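In what follows, a single structure is set out as structure tokens and then discussed.
The values are calculated or read from the model by the stated rules, or taken from the named source; none is laboratory data. Predicted model only: the values in this text are computed from it and were never measured. Here the Cβ positions follow ideal geometry from the backbone for every residue, glycine too, while neighbour counts run over all protein chains shown.
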Amino acid sequence: MTAPLQTALIIEDDAPIRRFVRMTLEADRWNVVESATLQQGLIDAGTQKPDVVILDLGLPDGDGVDLLRDLRGWSTVPVIVLSARADEQDKIAALDAGADDYLTKPFSTGELLARIRANVRRAGTSLRLEARTFRFGDVEIDLEARIVRKGQADVHLSPTEYRLLAFLVGNAGKVLTHRQILQHVWGPGHLDRDHYVRIHMSHLRQKLEADPAQPQHLLTETAVGYRLVEDAAESK
């Protein structure tokens with residue numbers, strides 16, 4: 001018996017873009033639902049139970065950031081913003097409101113599909129964490145024993161480095177803003193200390209990446225934050 005198709009909800013008012021994204025997803029064996037407004041998008045998110053949402057921010061009856069805030073009150077479905085807004089503050093606002101990823105138009109279909117796969121996998125992170133192990137590249141993390149190995153060798157991490165890595169693992173595939181990382185790892189009194197994140201990410205790359213200068217898994221999202229990917233192909 002053929003497995004049922006996963007469902008993607010596209011919330012986009014530009015009909016040609018909506019049609020292009022639908023065709024891209026259908027070619028990758030997705031069932032696709034389309035909405036052209038904020039209100040219809042919220043209704044479809046509730047009734048169609050999508051596995052992923054592709055969201056434009058400039059909708060005719062409201063801002064996609066408002067939709068995100070509403071949606072996050074009752075759903076954890078992965079949301080990928082697909083927007084012409086390229087300003088870093090727009091990206092940060094969407095991510096802080098609950099988006100899992102952000103792509104600017106124009107975009108490549110290959111990158112869109114890779115981001116979708118990564119974020120849908122991330123939605124199963126709780127299942128992976130129940131197994132208490134997580135792997136990327138040649139790195140294995142035993143979350144119960146708090147042991148990190150690279151190849152066959154144990155890697156020593158400071159308590160802060162481990163908290164940062166565990167937060168990235170718990171949100172694998174998702175773009176995390178500097179603010180989100182600082183809030184979780186250092187606490188609300190350190191939200192203006194972006195350099196803390198840069199320094200400790202550099203330490204993690206030195207210890208875990210094959211080539212720290214060309215990281216394949218611990219990725220920078222320029223001016224926004226960081227993202228952990230399991231498959232190095234997703235970093236291309």
* Asked: Only one of Ile80, Ile92, Ile54 is assigned by TED's automatic domain parsing to the domain that holds Leu112 and farther than 22 Å from Val21 by Cα; which?
  -> Ile92
* Looking at Ile80, is it among the β-branched types (Val, Ile, Thr) and farther than 30 Å from Asp211 by Cα? -> no
* Asked: What about Leu164, is it touching a residue at least 12 places away in the same chain (Cβ under 8 Å) and in a strand (DSSP E or B)?
  -> no
* **Any chance Val169 is of a type in the set (Val, Ile, Thr), assigned to a helix (DSSP H, G or I), in contact with a strand residue (DSSP E or B) (Cβ under 6 Å, 6 or more places away or on another chain) and outside the structural domain of Ala93 (by TED's automatic domain parsing)** => yes
* Asked: Within segment 175-212, restricting attention to residues that are among the basic types (Lys, Arg) and at pLDDT below 90, which residue is nearest to His156 (Cα to Cα)?
  -> Arg193
* Asked: Are any residues in segment 26-70 under 19 Å from Arg115 (Cβ atoms) and without any contact (Cβ under 8 Å) to a residue 24 or more places away in the chain, and if so, which ones?
  -> Glu26, Ala27
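Conditions (1) closer than 23 Å to Arg122 by Cβ; (2) touching a Phe, Trp or Tyr at 6+ places or on another chain (Cβ under 9 Å); (3) crowded, with 19+ Cβ neighbours inside 10 Å, marked per residue:
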{"residue": "Lys150", "(1), (2), (3)": "yes, no, no"}
{"residue": "Asp154", "(1), (2), (3)": "no, no, no"}
{"residue": "Ser158", "(1), (2), (3)": "no, no, no"}
{"residue": "Leu228", "(1), (2), (3)": "yes, yes, yes"}
* Pair list, Cβ under 7 Å, 6 or more apart: segment 204-221 residue of a type in the set (Val, Ile, Thr), other residue part of a strand (DSSP E or B) -> Thr220/Tyr226
* Qualifying position, being among the aliphatic types (A, V, I, L, M), surrounded by 17 or more Cβ atoms within 10 Å (Cβ to Cβ) and over 20 Å from Thr7 (Cα atoms), among Leu25, Leu112, Leu42, Leu57 -> Leu57
* To do: For Val32, state whether it is of a type in the set (Val, Ile, Thr), within 22 Å of Ala172 (Cβ to Cβ) and touching a helix residue (DSSP H, G or I) at 6+ places or on another chain (Cβ under 8 Å).
  => no
* Say we look at segment 181-217 and pick out the residues that are part of a loop (DSSP other than H, G, I, E, B) and of a type in the set (A, V, I, L, M); which of these is surrounded by the fewest Cβ atoms within 10 Å (Cβ to Cβ)? -> Ala213
* Asked: Before we move on, is Val32 part of a strand (DSSP E or B), of a type in the set (A, V, I, L, M) and either more than 22 Å from Ala97 (Cβ to Cβ) or outside the structural domain of Phe107 (by TED's automatic domain parsing) (or both)?
  -> yes
* **Matching helices (runs of 4 or more DSSP H) fully within segment 35-126 where at least 3 residues are at pLDDT below 95 and under 12 Å from Leu9 (Cα atoms)** => 38-47
